[in-house]
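Right, one structure below, let's go through it.
The values are calculated or read from the model by the stated rules, or taken from the named source; none is laboratory data. Note that this is a predicted model, so its numbers are computed, not measured. We place every Cβ from the backbone using ideal geometry, glycine too, and count neighbours over all the protein chains shown.
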Amino acid sequence: MALIRRTYRIVDGEQIEGTWRPVFIRNGPTYFLTDLLVFADGAINCWDWVDLDGLREKLKIGWVATHLKPGAQASAHHLASWRFDEPQMWLTGEELLGEVADEIDQLNGRPDSTGRCLEALDRYLENRTEADRRALLAAYMAVPAHLRHYALGDMDAKDWPLRVLCTPIGERTTYDELVTESMHAQAHEYFAERDRSVRDWHENHPVDGPDQAQNSTVKLASIPGNWPTEPGIECLRNEYPATIEIGGDTYASAVHAYWALATTDETARAAIRRTTTALSVERAVGHAPIRQDWPHLRLTAMHTVLRAKFNQHPELADVLLGTGDGRIDYNISSAYWSGDTKGRNWLGRLLELVRSEIVAQRAGFLR
């Protein structure tokens, strides 16, 4: 399985989310340790752009290698080179292909093969029909073989209850176990106990509310080519053209207001007010002096700007409230403000804070 690594590429102005994993590519007699790039639109780069079928072909011809020849030369480009002595690979070609297919599903927010298997399990446990059992078996077999024992998230039982329920009484599991009526009963009891534990957990949730968000994560990934007429989720971005009045001055967007607060130079502030789009703000700022204490003030300044934006535009506040209690990931080229895996996501966190303040205001809790 790949670690949680995120990358992206831009296609026609749209940001396509991606991930990567180490692989060996055999180019001539040498095996190169490199990255296999996988993107949400199904594009895969293995020193050649392919899709899943293309990756299957690259695995078949050994271009993407899952078998290493003893004595062969290996290279990590300019970092190191070596020869294999007793090489061992932990994934077959089909297993690697299955993991990549899962990664594409995950990048798109869809259930991967394990998720689909668990959905089939729930249907079988609810209905216990032969058709549902066959569907469960098909879903279980679609999970890459080396990942099946992780499906239940139980490293004691592993996938034993799952593979037993997949298999009719009197037949053998994928581990060559002869399934008996008693084994089926044990498996059903395992899932009944699991359901009891889940119910107990929900009944004992914290008094002040759930530990986890009840709504899906919102990803503010990129600036659209054209802003929609009716405000959608894109209006949560700072570049959205919504005028903001702060300190008696009016600015064309949150970006304008933020950078105006960052400088005490009145000429620069006037230039910012004259710009019409967020993209032109940095040019307007130019070489204007930024406050020396700005790194310590910027968080409060951004909070002030966002509160003004949504308090002055109730229709945009409605969009923000529509995200419920979901996490907001804000993508921007700043590790401080961005919500990628290495970013601190302060913009997303401030949007969540302002959202809670609006809820409190409308409930009469804050005035």
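Anything in the range 107-120 that is touching a residue at least 24 places away in the same chain (Cβ under 8 Å) and closer than 15 Å to LEU147 by Cβ? List them, or say none. Once the filter is applied, which keeps residues that are touching a residue at least 24 places away in the same chain (Cβ under 8 Å) and closer than 15 Å to LEU147 by Cβ, the range 107-120 yields SER113, THR114, ARG116, CYS117, LEU118. The residue that is surrounded by the most Cβ atoms within 10 Å (Cβ to Cβ), among those in the range 309-321 that are more than 12 Å from GLU357 (Cα to Cα) and in contact (Cβ under 8 Å) with a residue 24 or more places away in the chain, is LYS309.
Of everything listed in (1) modelled with pLDDT of 95 or more; (2) surrounded by fewer than 20 Cβ atoms within 10 Å (Cβ to Cβ), the single unmet condition for ILE244 is (2).
With respect to being of a type in the set (Asp, Glu), assigned by TED's automatic domain parsing to the domain that holds TYR31, part of a loop (DSSP other than H, G, I, E, B) and free of Cβ contacts under 8 Å to residues at least 60 places away in the same chain, GLU86 fits the description.
Quick grid of which residues meet (1) in a helix (DSSP H, G or I); (2) in contact (Cβ under 8 Å) with a residue 12 or more places away in the chain; (3) assigned by TED's automatic domain parsing to the domain that holds ARG21:
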| position | (1), (2), (3) |
| --- | --- |
| ASP35 | no, yes, yes |
| ARG56 | yes, yes, yes |
| LYS60 | yes, yes, yes |
| LYS69 | no, yes, yes |
| HIS78 | no, no, yes |
| GLU95 | yes, yes, yes |
| VAL100 | yes, yes, yes |
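The range 283-367 holds helices (runs of 4 or more DSSP H) entirely within its bounds, and those carrying 1 or more residues that are within 21 Å of GLY209 (Cβ to Cβ) and either modelled with pLDDT of 95 or more or of a type in the set (Lys, Arg) (or both) map to 314-321, 346-362.
Of all residues in the range 226-249, those that are in a loop (DSSP other than H, G, I, E, B) and of a type outside the set (Lys, Arg) total 15.
In the range 346-366, the residues that are in contact (Cβ under 8 Å) with a residue 24 or more places away in the chain and under 15 Å from LEU220 (Cβ atoms) reach residues that are part of a helix (DSSP H, G or I) and of a type in the set (Phe, Trp, Tyr) with C-beta atoms within less than 7 angstrom, at least six apart or across chains, in these pairs: VAL354/PHE310. Residues in the range 164-220 that are surrounded by 11 or more Cβ atoms within 10 Å (Cβ to Cβ) and under 30 Å from LEU350 (Cβ atoms): HIS205, ALA213, ASN215, SER216, THR217, VAL218, LYS219, LEU220.
Just one residue in the set ALA242, ALA254, ALA213, ALA221 is touching a residue at least 40 places away in the same chain (Cβ under 8 Å) and touching a His at 6+ places or on another chain (Cβ under 7 Å); that residue is ALA242.
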